[in-house]
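The values are calculated or read from the model by the stated rules, or taken from the named source; none is laboratory data. None of these values were measured; they are calculated from a predicted model. Quick reminder, even Gly has a Cβ in these numbers, built from the backbone with ideal geometry, and neighbours come from all protein chains shown. What goes into the accessible areas is simple: the full protein's heavy atoms, side chains included, and nothing from ligands, DNA or RNA. Shrake-Rupley method; radii C 1.70, N 1.55, O 1.52, S 1.80 Å.
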Amino acid sequence: MKSASHPALQNRLLALLPENETHVILPALEPVDLPRGFVIVGADAPIEHVYFICSGIGSVVTVAAETQRAEAGMFGREGFAPTSAGVGGTISVQEVLIQVEGHGFRMPLKVVTEALSTHPTFANLLARFIQAFSAQISYTALSNITCQVDERLARWLLMCHDRVDGDEIALTHDFISLMLGVRRPSVTTALHVLEGRKLIQAERGRITIRDRKGMQDFAARTYGKPEEEYRRLIGEF
């Protein structure tokens, strides 16, 4: 019987592995602390390890130049990164870093590549996550084009909320500015809008979600579909 006590099984993908694959995959995992700002892989850099987060939030950032950076998507315990490794890739086009500290496990790329060909459920779960993640990225693009900053912020905070325990999220204005690709004053104004609607409470380095349903209504155009796709393909977060 699979031991639910193994800490790696806090990751949703690893928890869905059948017993015969769990016995092979779990011993290949190395536990890692993931402090804020930790770079899993740089843009256009070789992939050395694949990370399965158990707590915290990671960001996939598109980098055009040192001063031109924006988040393409985020992931937590529901997935893995870098996603290109899930289809045999060896280079990450984007930078992947930790935005909310946590912990997880990593596996050498060579071991992952071998497991993709010998463990069908493992390969299928990684492929399903890549599909769900691509849906998220497409809605991020839609949000960036069609939504005001306060709506984009509402969606982004909901996505963060999906990936943490409780209603408090450790985030700074500067980091939100980087992730949304907007100036810091725009973030401050957007936070004031959400606070004025009593949707959140913003304090130094911390944001508390007060009215999740109200946030969902506010961000309705761009939040929900990617989350439905994940549930359809894999299950609950």
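What the table shows:
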item: Cross-link reach list, aspartates and glutamates versus residue 198, counting only Cα pairs under 12 Å and skipping chain neighbours closer than eight places; result: 211
item: Per principal axis, descending, Cα span of segment 8-131 in whole Å; result: 47, 26, 22
item: Which of 49, 169, 126, positive extreme of dipole for the chain (C-beta unit charges); result: 169
item: Whole-Å semi-axes of the chain's equivalent ellipsoid (Cα gyration tensor); result: 31, 19, 16
item: Dipole magnitude (debye, nearest 20) for segment 79-237, charges at Cβ of Lys, Arg, Asp, Glu; result: 200 debye
item: Nearest-20 debye value, segment 123-186 charge dipole, Cβ charges on Lys, Arg, Asp, Glu; result: 300 debye
item: Descending semi-axes in Å of segment 62-149, equivalent ellipsoid built from Cα gyration tensor; result: 26, 15, 13
item: Options 24, 6, 158, ranked by Cα towards positive dipole end of the chain, top entry (Cβ charges); result: 158
item: Electrostatic dipole magnitude of segment 62-159 [Cβ: Lys, Arg +1; Asp, Glu -1; Cα centre; debye, to 20]; result: 240 debye
item: Accessible surface, segment 192-237, averaged per residue in Å² (probe 1.4 Å); result: 61 Å²
item: Approximate spin-label separation residue 220-residue 117, in nm, with each point projected 7 Å along Cα-to-Cβ; result: 5.1 nm
item: In order through segment 43-48: 3J(HN,Hα) via Karplus (6.51 cos²θ - 1.76 cosθ + 1.60), integer Hz, x for Gly, Pro; result: 5, 6, 10, x, 8, 9
item: Area of residue 87 that stays accessible when all protein chains are in place (1.4 Å probe, Å², to 10); result: 110 Å²
item: Solvent accessible area, Å² - residue 210, 1.4 Å probe, full protein context; result: 140 Å²
item: Cut-off under 5 Å, modelled amide H: who pairs with residue 73 long-range; result: 60
item: Nearest-10 value in Å² for the accessible area of residue 114, using the 1.4 Å probe; result: 90 Å²
item: Separation between Cα centres of segment 1-63 and segment 149-203, rounded to whole Å; result: 26 Å
item: Full-extension gain in nm, residue 183 to residue 168, via 0.36 nm per residue minus C-alpha separation; result: 3.1 nm
item: Accessible carbon and sulfur surface of segment 1-106 relative to its total accessible area, %, 1.4 Å; result: 56 percent
item: Cα-Cα pairs of segment 111-237 separated by more than 23 Å (percent); result: 38 percent
item: Accessible surface, 1.4 Å probe, highest first, among residues 139, 223; result: 139, 223
item: Net +/- balance of residues flanking residue 59 in space, Cβ distance below 9 Å, scoring K and R +1, D and E -1; result: -2
